[in-house]
Amino acid sequence: MMSTQASNAHAPPSVTFHDEHKIPILTTHHDKLDHFQLDKQGRTDAPYVEDVYETVLPWWRATIRARILSSMKRESLILARMQESIRHPWLDLYFLYSSTLGTHTFFMIGLPLTFFFGYEELGRGLVIVLASGVYIVSFLKDLICSPRPLAPPVTRLTIGTHHLEYGFPSTHSTNSVSMALFIFGYVRSAYIQSNAISSSLYYGSCAILVIYAVTVVFGRLYTGMHSFTDCAVGVFLGVVIWGAYVIMKETFGNWLATAHWIVPLTMIPICLLLVHYHPHPVDDCPCFEDAIAFVSVFLGIALCRWHSVYSGVDERFLSSVMPGSQGTVWTWEDRASWWTLACAKVTVGILVIFVWRILAKSLLHLVLPPLFRLLASSFDLPHRRFYTPATDYQHMPVESSLRPIPSVIDLPGVLEVSAIRERSALGRTSEVKRRGVKSNDGSPSVNGENYSGSELENSNGPSQRKEVKHYDADVLTKVVVYAGMAILAGEGLPVTFALLGWGVKL
């Protein structure tokens, strides 16, 4: 089955220096795609660009994309004028770094801690809301394949690798709104139902949540990473996902606790089908990998809840309390003992999860390719665009198998700078990703040179080629690895802490 791939098109950057501190700055000559006009149907007169999408995408997907693209073109001009009016170095810093608070990375870092310290319901709800948001948004991004606002006229400011994804809808907007509403539900319950917090703390918390959501959503416009349409749909999805969670929370929780073996026999096939039927994008977009990760984590957490109730682990182990003072007065020895155990739980727990990922991924990359090749001799195995089938390779690269930090909580990646950069008001750099420019022979063209299946990255120097390879074994590997990480965080490690006498609940 033949597939057409559209990749980036960059012009090589030139290096200049900040006058005072001799800080190297990368500036670029923008590719001509951004200067072509769109007609009423959202088509561009740039050759070989829209032809790719109209050829690869079904007519209904191409039609939706054309409408969104036409709107995005108009909104890019509005965003550019807005940036000219309000951009300031301090605001650049504020909105650039506050954008990390709207990523699933930010919440996933703290997710295991909710289970380590006995907040199982909070952690499970966090996973359900985040997983739903990330999957739905990534599904729509790869379905529509709509680019981000055009740069120029917009200046994009970003850290991390979010620029490598499509633009519509905004993941940051969905995550920030759904999480703000999710946390608000707990704050409101503590204030109204249990009177556990004061009025000042309640209203202060509400104000912080509003500021948080507005900062992240408006920050996507300020940094030029999303259009108004992207953010509006993202906000709408965040509200809908939170509302659906509130409605279905009790019913789903009861089903996990009472449906016995129906739970794994239902959840496993559904999650595998969600992975299989995720749309194939025109370009190689990382959205799919985030979708796999969160669907798998959701599967693992659901199986944890089912098994803990079914086996009686919930009552015997997960209700144990951490050692500490039994009275209202804590001595320095009590505090020191409690904090020592808390730090030990976090350190051991995160270390075990990382070790699991290294060992499980290495083992699966060793076992799955030969198994797939054996099955391929008798069956037509599912194949995803941009993923090399096992029949076309013998060994997977070691570096593909042994990154100790999971991609969904890829801490170095949070500050990674790549792709095209533009000069900002701070003399810092921002990233730009452009998709869909093709050469005459159908291969991606960069400055007159043709590349295939490659991601071009610049890192304070000349343009470099970085081959991005995916293998079919990666898909099932991620499912098993991330589901296992969730099972360890949700049940395996808390039970271990209880057996060691460290306790679970605060």
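Just so it is clear, none of the values below were taken in a lab; they were calculated from the coordinates. None of these values were measured; they are calculated from a predicted model. Every residue, glycine among them, receives a Cβ derived from its backbone with ideal geometry; neighbour counts consider all protein chains shown.
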Which three extents, in angstrom, do the Cα atoms of region 211-293 have along their principal axes, listed largest first? 49, 34, 16
As a test of the definition: which semi-axes, in Å, follow for region 142-287 when you take the square root of five times each eigenvalue of its alpha carbon gyration tensor? Largest first, please. 31, 27, 10
For region 190-242, shape from the Cα gyration tensor axes a ≥ b ≥ c, cut at a/c of 1.5 then a/b versus b/c, turns out oblate
Of the listed peptides 188-199, 248-259, what is their order by residue-averaged count of other C-beta atoms within 10 Å, with the highest listed first? 248-259, 188-199
Put a dot 7 Å past each Cα toward the Cβ at Phe386 and Leu273; how far apart are the dots in nm? 2.6 nm
Global form of region 143-182, assessed from the alpha-carbon gyration tensor, a/c cut-off 1.5: prolate
I need the calculated FRET efficiency for the pair Ser200 and Leu91, taking r as the beta carbon distance and R₀ as 41 Å, to the nearest 0.05. 0.90
Please find the FRET efficiency linking Leu500 to Thr100, where r is the Cβ-Cβ separation and R0 is fixed at 41 Å, and quote it to the nearest 0.05. 0.75
Please give the contour-minus-distance gain from Val214 to Trp261: 0.36 nm per residue of separation, less the Cα-Cα distance, rounded to one decimal in nm. 12.6 nm
